[in-house]
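One structure is given below, encoded as structure tokens.
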Amino acid sequence: MTTATVKFRDPSPGDLGWVVHRHGVLYAQEYGWNLEFEALVATVIGDFVKKFDAAYDRAWIVELDAKVVGSVFITRVAERSAKLRLLYVEPEARGHGIGRKLVDSALKFARSAGYEEVVLWTNPLLTSARKIYEASGFVMMEERTEQAFGGDFVSQTWKKDLRLGN
């Protein structure tokens with residue numbers, strides 16, 4: 001039995017396009033979401049690059065045995081508020097604790113950048129991600145149904161207060 005090698009790193013050329021591509025493909029396969037979702041991911045990535053400030057923004061690409069299998073981003077929303085975005089782990093890489101480690105890395109960076117809170121947007125279908133968020137101390141603040149990604153979509157906003165120390 002061999003041990004898997006997990007590596008977290010900064011994005012390299014091609015990685016951001018991979019994030020958009022994999023989100024689009026996987027969410028269409030698993031949830032039937034249309035091109036609107038992929039366009040949203042592309043917009044998030046474009047905004048990340050345009051507004052990037054190394055003191056307040058960060059992205060992680062994760063490799064498993066030298067293959068890119070995941071990502072997460074922290075972006076500035078306001079002076080003391082950040083947003084956790086684009087948490088993603090390839091299906092074959094799940095079960096290695098990668099999602100939890102990505103969120104932990106993002107929260108550690110958010111604290112070091114001086115943020116007091118981190119918010120995120122998710123959906124009830126993303127049960128594994130929601131379990132990670134809950135275990136990390138995020139609390140759901142709002143839920144609403146809207147038309148998005150080709151049908152009825154339940155949108156949730158979650159928040160973690162970093163001042164609580166949990």
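The values are calculated or read from the model by the stated rules, or taken from the named source; none is laboratory data. Here the structure is a predicted model, which means the values were calculated and not measured. Because the Cβ atoms are built from the backbone with ideal geometry, glycine has one as well, and the counts that use them run over all protein chains shown.
May I ask you to list pairs of residues, at least six apart or on different chains, whose Cβ atoms are under 9 Å apart, with the first in the stretch 77-98 being without any contact (Cβ under 8 Å) to a residue 12 or more places away in the chain and exposed (fewer than 15 other Cβ atoms within 10 Å of the Cβ) and the second being β-branched (Val, Ile, Thr) and assigned to a strand (DSSP E or B)?
Matching pairs, first to second residue: Gly97/Val6.
Taking strands (runs of 3 or more DSSP E) that fall entirely within the stretch 56-166, which contain at least 1 residues that are closer than 17 Å to Val19 by Cβ?
Passing ranges, in order: 58-64, 67-78, 81-89, 117-122.
Could you please find all residues in the stretch 96-139 being among the hydroxyl-bearing types (Ser, Thr, Tyr) and more than 16 Å from Thr75 (Cβ to Cβ)?
Thr127, Ser128, Tyr133, Ser136
Step by step: first the residues of the stretch 139-166, then only those that are closer than 15 Å to Lys108 by Cα and over 18 Å from the mean Cα position of the chain (by Cα), then the one that is modelled with the highest pLDDT. Which residue is that?
Among those that are closer than 15 Å to Lys108 by Cα and over 18 Å from the mean Cα position of the chain (by Cα), it is Arg163.
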